[in-house]
Amino acid sequence: MRFLSTSPDQTRALGRAIAELARPGDVIVLAGDLGAGKTVLAQGLVHGLGVDEAVVSPTFTLVREYHGRLPVAHVDVYRLDHMQEVLDLALDEGPGAEGVTIVEWGDRVATALGPQRLDVSIERPDGVAPLEKASDDERVITLTPFGSAWAARLSTLSDLVDARVDVVVGEV
Amino acid sequence: MTRILGIETSCDETAAAVVDDGREVLSSVVSSQIDLHARFGGVVPEIASRAHVELLNPVVAEALVEAGTELDGIDAVAACHGPGLAGALLVGVSAAKAIALVADVPYIGVNHLEGHLHAAWLEQPDLQVPAAVLIVSGGHTMVVAMDDLDQYRVLGQTVDDAAGEAFDKVARFLGLGYPGGPAIDRLAATGDPTAIAFPRPMRDEAFDFSFSGLKTAVVNHVRHNPDAEVRDVAASFQEAVVDVLVGKLVAAADACHAKTMIIGGGVGANTRLRTRILDAATDTGREAMLPSPALCTDNAAMIAATAYRRLLSDGPGDLGGGADPNLRLPGR
């Protein structure tokens, strides 16, 4: 499932919509280059899970934990160079077990994150429009479910996005 | 005389120090200062808690030897108990408690950020308050008003990325390597800081910071201008960060009627930032205190110094106390 977002606010709104579908034990993997908007989408996810505080980058501390409708572990493996270091984080033992684990740069370590997960990739629409025509703020956001848990829920996401007046994310 | 052994393991650095009466640093050992890689026969994964477990005993032993003291000469043991990485913090806290139990002396848990606030006093004990402090590193960016040594409030902090993180990520994007702060610092010295008008995020909004969008602005600029001189991009980016940092520090100093402006944290080693703070201090008739880079970056001397103040004000800490990855400074 692909969406075109034309602004950080829309990306944030898509994050909020995904958060409404989240259940305990979910793993959401964010992929995208530097400046793609992973932090922005994560802000939408965390705030959409009912957390009412600033979503500060987890790059330095590797993990930041929040408590909203569900416990949230916001993880960033940008600095990790070895798979063993990801395993050392023991993500399956933290709040993620009963809550939602959001992993930035997680595409590099996806195999350590289990078979049930939602991969979210954020890209600049280079293939869609020439550089001079594409806005700096436009992003193509692709959602790929792994395992049965997410596949069923994603079918309702379009309705959820369309039904909300403040979300103008269109499907590509 | 009170001799305190301090331990710091909140993030990458494993550090131990011995400090007398919160002022006299007898030793301050940081893991990167001694040849531990060679000692352990290979590259140590710096950020795993396991590395702290392996490094801590030799680092503590080194700190005691350098201080010329034995364990029975120590009057209290302190550890940083937050904020930081949970597993990493627990290593230092557990070790400090175990040493305190064995030596039968008090244990004191210290807030890492409070340690940064007190680091400047180790080099210059007669600093005047009120003081405005900018703590800026890879993990933190905040301005703090210190009305007195033990009375402070956070005026504002980053709502997304820390400034040091922006330096690292922009440096990696520009292909300048790691660590990014020193790399950009060096290259920027040869570039034109006015070449590109990058945004000054949240400059006019009270005391909070935001650097995530600035990083994206650099990426956008380079995409549209692939031939841009990297040194000009580095200099212009650095100038944007420094403008915001210095602007907020001066605003904080105005707000708390500070006589002194202080910097702490790893980005405090940035030469442009240091120059601009000195200039701002001259312009506004204040004193600037820029601790040496060794005291700006993570170290255990600041933990031991802060522990001394906590011991005086609160007495011994609780051996049942744990670590808090999200520990905050009071205020806001």
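Screening the range B:132-159 for residues that are more than 13 Å from B:Leu329 (Cβ to Cβ) and part of a loop (DSSP other than H, G, I, E, B) and picking the one that is farthest from the other protein chains (Cβ to nearest Cβ) gives B:Leu149. Within the range B:123-134, the set of residues being at pLDDT 95 or above and within 13 Å of B:Tyr308 (Cβ to Cβ) is empty.
Of all positions in the range B:175-189, at least one carries a residue that is more than 24 Å from the chain's Cα centre (by Cα) and either in the same structural domain as B:Gly138 (by TED's automatic domain parsing) or in a helix (DSSP H, G or I) (or both).
Of all residues in the range A:61-78, those satisfying the criterion of being within 11 Å of another protein chain (Cβ to nearest Cβ) and either touching a strand residue (DSSP E or B) at 6+ places or on another chain (Cβ under 8 Å) or free of Cβ contacts under 8 Å to residues at least 12 places away in the same chain (or both) are A:Thr61, A:Leu62, A:Val63, A:Arg64, A:Glu65, A:Tyr66, A:Ala73, A:Asp76, A:Val77, A:Tyr78. Of the residues making up the range A:86-111, those that are at pLDDT below 75 and farther than 17 Å from A:Thr59 by Cα are A:Asp92, A:Glu93, A:Gly94, A:Pro95, A:Gly96, A:Ala97, A:Ala110, A:Thr111.
Residue check, A:Asp166 against (1) in a loop (DSSP other than H, G, I, E, B); (2) more than 14 Å from A:Val63 (Cβ to Cβ); (3) modelled with pLDDT of 65 or more; (4) not aromatic (Phe, Trp, Tyr), all met but one. Which one? Only one criterion in (1) in a loop (DSSP other than H, G, I, E, B); (2) more than 14 Å from A:Val63 (Cβ to Cβ); (3) modelled with pLDDT of 65 or more; (4) not aromatic (Phe, Trp, Tyr) is unmet by A:Asp166, namely (3). Filtered by the rule that a residue be hydrophobic (A, V, I, L, M, F, W, C), under 18 Å from the mean Cα position of the chain (by Cα) and at the interface with another protein chain (Cβ under 7 Å from one of its Cβ atoms), the range B:160-174 gives a lone residue, B:Ala162. Any residue in the range B:78-100 that is modelled with pLDDT of 95 or more, surrounded by fewer than 17 Cβ atoms within 10 Å (Cβ to Cβ) and either among the aliphatic types (A, V, I, L, M) or part of a loop (DSSP other than H, G, I, E, B) (or both)? Within the range B:78-100, one or more residues are modelled with pLDDT of 95 or more, surrounded by fewer than 17 Cβ atoms within 10 Å (Cβ to Cβ) and either among the aliphatic types (A, V, I, L, M) or part of a loop (DSSP other than H, G, I, E, B) (or both). Would you confirm, using the coordinates I've provided, whether B:Gly247 is surrounded by fewer than 20 Cβ atoms within 10 Å (Cβ to Cβ) and of a type outside the set (A, V, I, L, M, F, W, C)? So B:Gly247 fits the description; yes. When the test is whether a residue is more than 14 Å from chain A (Cβ to nearest Cβ), in contact (Cβ under 8 Å) with a residue 40 or more places away in the chain, surrounded by fewer than 21 Cβ atoms within 10 Å (Cβ to Cβ) and β-branched (Val, Ile, Thr), B:Val230 passes it.
When residues in the range A:121-163 are screened for being modelled with pLDDT of 80 or more, assigned to a loop (DSSP other than H, G, I, E, B) and under 27 Å from A:Gly35 (Cα atoms), 5 of them pass. Checking the structure you have, find out if any residue of the range B:246-269 is without any contact (Cβ under 8 Å) to a residue 40 or more places away in the chain, closer than 30 Å to B:Asp21 by Cα and either in a helix (DSSP H, G or I) or more than 23 Å from the chain's Cα centre (by Cα) (or both). The answer is no, given that none of the residues of the range B:246-269 is without any contact (Cβ under 8 Å) to a residue 40 or more places away in the chain, closer than 30 Å to B:Asp21 by Cα and either in a helix (DSSP H, G or I) or more than 23 Å from the chain's Cα centre (by Cα) (or both).
Do we have any residue at all in the range A:21-44 that's within 28 Å of B:Ser137 (Cβ to Cβ) and in contact with a His (Cβ under 7 Å, 6 or more places away or on another chain)? Checking the range A:21-44: at least one residue is within 28 Å of B:Ser137 (Cβ to Cβ) and in contact with a His (Cβ under 7 Å, 6 or more places away or on another chain). Taking the conditions exactly as written (touching a Gly at 6+ places or on another chain (Cβ under 9 Å), within 17 Å of B:Thr271 (Cα to Cα) and in the same structural domain as B:Val246 (by TED's automatic domain parsing)), does B:Ile135 satisfy them or not? Yes: the conditions hold for B:Ile135.
The values are calculated or read from the model by the stated rules, or taken from the named source; none is laboratory data. Not measured: the values here are computed from a predicted model. Cβ coordinates were reconstructed from backbone atoms using ideal geometry, including for glycine residues, and neighbour counts include every protein chain displayed.
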